[in-house]
1. Does Leu317 qualify as being at pLDDT below 65 and surrounded by fewer than 12 Cβ atoms within 10 Å (Cβ to Cβ)?
2. Checking the condition without any contact (Cβ under 8 Å) to a residue 24 or more places away in the chain and either under 22 Å from Gln105 (Cβ atoms) or surrounded by 14 or more Cβ atoms within 10 Å (Cβ to Cβ) (or both), which residue from Ala135, Ala140 passes?
3. Suppose the filter is closer than 30 Å to Phe106 by Cβ and modelled with pLDDT under 70; does Ala260 pass it?
4. Can you list the helices (runs of 4 or more DSSP H) found entirely within the range 42-149 that contain at least 3 residues being within 24 Å of Ser177 (Cβ to Cβ) and out of contact with any helix residue (DSSP H, G or I) (no Cβ under 6 Å at 6 or more places or on another chain)?
5. Is it the case, given these coordinates, that Arg196 is over 29 Å from Arg297 (Cα atoms), modelled with pLDDT of 75 or more and not β-branched (Val, Ile, Thr)?
6. Quick check, is Val219 modelled with pLDDT of 70 or more and over 29 Å from the mean Cα position of the chain (by Cα)?
7. Output the number of the condition that Ala27 fails; it satisfies all remaining conditions of (1) within 26 Å of the chain's Cα centre (by Cα); (2) under 26 Å from Asp87 (Cβ atoms).
8. When Phe106 is evaluated against the numbered criteria (1) under 17 Å from Arg7 (Cβ atoms); (2) under 21 Å from the mean Cα position of the chain (by Cα), which criterion, by number, is the only one it fails?
Amino acid sequence: MIVPVYRNAEFVPQLIAEFSGISAIAAERYGMPVEVVFVVDASPDDSYELLERALPQAPFRSQLLLHARNFGAFAAIRTGLRAARGDYFAVINADLQEPPELLLQFLDRLVRDDMDIAVGVREGRDDPGMSRLAANLFWAFYRRFVVKEIPSGGVDVFGCNRRIRDELLRLEEANSSLVGLVYWLGFRRCEVPFQRRARAHGKSTWTLAKKVTYFMDSVFAFTDLPIRVFTVLGALGVVLAACLGVFVFVMRLTGQIAAAGYTTTILVITFFGALNTLGLGLLGSYAWRSYENTKKRPLALVRSACFFDGASGPVSLYTGRRS
C-alpha cells in the first residue's frame, strides 16, 4: 500500500490501527504479507515524527520516506510505487475518507478475477454540500474534456499488479495526471464501488486552486482540445472579418458610411487582440510543459527513508534517493 502524507498528523493513530487489521485479514485470506509505504511530502506538521515513533511497534511491514521538499501528491505516489515491494500495489489517501477495506476488494479483483487495474468508484460522498458540488463539477469537466471513460464520481484510489506499476513508472511526465495515465495505459480494468467517508479531522488540502491546476495539467497532458478550439475560433474570426470588410466596403460605395467608425475599429482590435493573447498563452502552456519534460529532472527527491519489519524496529536508514 502506498500512502501519501501531507498535513495528516491527526490520522496517524487511526492509520496504524486500520492498516493493522487490513494486514491481518490479507495474510489470513490470501497468505500475503502486507507492506505499507508512507511517503511524507515534506509535511509542515509532525506527521513524519509521529509515524517514525509509531511504525516500529506496528504489526505490519512498512517503509517511511520523507521528501526533500513538497513535490505534490502525484510525485509522492510515484515515490511510493518505486519503493514498494511485492506483486500487487494499491494507493490510498492518508485522510481515510476512502475506507481501507477497499484495498482488500482491490486485491480480490486483481488476484481472483485476474485484473490488471482496479479503480475505486465513489457511489456517494459524505461531504458538505459545496464540497460535493465542486467535486462533481470538477469530475464532470474531467470526464467531458480529458478522459471520457472515467466514472462520473471520479477516481482517487486504485490498485494494480506489478506490470502496471512498472509501466506507470516508465511514464516520467512532469505536470501530468496520475488518473489520466492509469486510464491511458488500458489493460484489463475493473471498477470497485464504495461510499466515501466524512473527513474526521481538519480540512482537506485539496483546494480549489489545486483542483484548477490539476485540471489544467490533465488537459494539457492528454488532449489538444484548446488548440483545436482556438483554430476554429481563428477560422470563424477570419470569415467574420471578411464578411464585415465586404459589408463596410459596400456601405462605403453606396454612401451610407461617411467615415470609418472609430468604435467598431476599437472593438474589433480589442476582441481579436485579447483572443490572440489568450491563444498564445495556451500554446505557451503546451510549450512550457514540453520544455519541462526535456529537462529530465527527477520528479521527487527522498531526503531519508526507514524500513520497519513488523514490530522488530527499523531495518535500515539511508538518504538521498531519487524518484
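1. Values: at pLDDT below 65: yes; surrounded by fewer than 12 Cβ atoms within 10 Å (Cβ to Cβ): yes.
Spelling it out, Leu317 is indeed at pLDDT below 65 and surrounded by fewer than 12 Cβ atoms within 10 Å (Cβ to Cβ).
2. Numbers: Ala140 fails: either under 22 Å from Gln105 (Cβ atoms) or surrounded by 14 or more Cβ atoms within 10 Å (Cβ to Cβ) (or both).
Result: Ala135 is the single residue among Ala135, Ala140 that is without any contact (Cβ under 8 Å) to a residue 24 or more places away in the chain and either under 22 Å from Gln105 (Cβ atoms) or surrounded by 14 or more Cβ atoms within 10 Å (Cβ to Cβ) (or both).
3. Numbers: closer than 30 Å to Phe106 by Cβ: no; modelled with pLDDT under 70: yes.
For Ala260, the condition - closer than 30 Å to Phe106 by Cβ and modelled with pLDDT under 70 - is not met.
4. Of the helices (runs of 4 or more DSSP H) lying wholly inside the range 42-149, those with at least 3 residues that are within 24 Å of Ser177 (Cβ to Cβ) and out of contact with any helix residue (DSSP H, G or I) (no Cβ under 6 Å at 6 or more places or on another chain) span 73-83, 101-112, 129-145.
5. On the way: over 29 Å from Arg297 (Cα atoms): yes; modelled with pLDDT of 75 or more: yes; not β-branched (Val, Ile, Thr): yes.
Judged against the criteria, Arg196 is a match.
6. Values: modelled with pLDDT of 70 or more: yes; over 29 Å from the mean Cα position of the chain (by Cα): no.
Against the criterion (modelled with pLDDT of 70 or more and over 29 Å from the mean Cα position of the chain (by Cα)), Val219 does not qualify.
7. (1)
8. Condition not satisfied by Phe106: (1).
The values are calculated or read from the model by the stated rules, or taken from the named source; none is laboratory data. All of these numbers come straight from a predicted model, not from anything done at the bench. Every residue, glycine among them, receives a Cβ derived from its backbone with ideal geometry; neighbour counts consider all protein chains shown.
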